[in-house]
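This report concerns only the one structure given below.
What follows is calculated from the coordinates using simple rules that are stated; it is not laboratory data. In this text, all values refer to a predicted model and were calculated from it rather than measured experimentally. For neighbour counting, all protein chains shown are included, and Cβ atoms are generated from backbone atoms with ideal geometry for every residue, glycine included.
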């Protein structure tokens, strides 16, 4: 039988779940890079390939403003990123995200680049091809994405 005295000495169980990491460039890059180049994407890679915004929202801790801004990215820009991610998940590639002041020196508040892997043959080296490059403001709004080497 538990008394007040013995209950006070018992170790307390933590009801907290492990907190999601915050939305930072490093956290996003560490989250997505291992999912690229999967032979039969399943689990997290499949979820990323289906809806990248839902994946980010489910894996990272976002503020209300970040959630709203993520959902308000124009559909055309969302689809460009989604196509590039599906390609990189299936065939491999590179993913790089810079947020806020990290990319201010490049003239944009934020920048996302996804490159696809390609191989020229058995003896040739593999290389990457830019699939999509996006810029956005410090509040993750005003997205502008370009496919590949498209100069527009």
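For the range 17-77, rounded, prolate or oblate, judged on the Cα gyration tensor with a ≥ b ≥ c (square roots of eigenvalues), a/c < 1.5 rounded, else prolate if a/b > b/c? Intermediate values should be presented prior to the final figure.
Working: a/c = 1.98, a/b = 1.25, b/c = 1.58.
Here the range 17-77 falls in the oblate category.
What distance in nm lies between label points placed 7 Å from Cα along the C-beta direction at residue 94 and residue 51?
So the label points at residue 94 and residue 51 sit 3.1 nm apart.
Please compute the modelled spin-label separation between residue 22 and residue 39, points set 7 Å along Cα→Cβ, answer in nm with one decimal.
The modelled label-to-label distance comes out at 4.0 nm.
Figure the gain on full extension for residue 68 and residue 142 (residue separation times 0.36 nm, minus the Cα-Cα span) and round it to one decimal in nm. Don't jump to the answer; show the numbers that get you there.
On the way: separation 74, 0.36 × 74 = 26.64 nm, distance 1.29 nm.
Length difference between fully extended and current span is 25.4 nm.
Could you line up 95, 147 from fewest to most neighbouring Cβ atoms inside 10 Å?
Numbers: 95 21, 147 13.
Listed from fewest to most nearby Cβ atoms, that is 147, 95.
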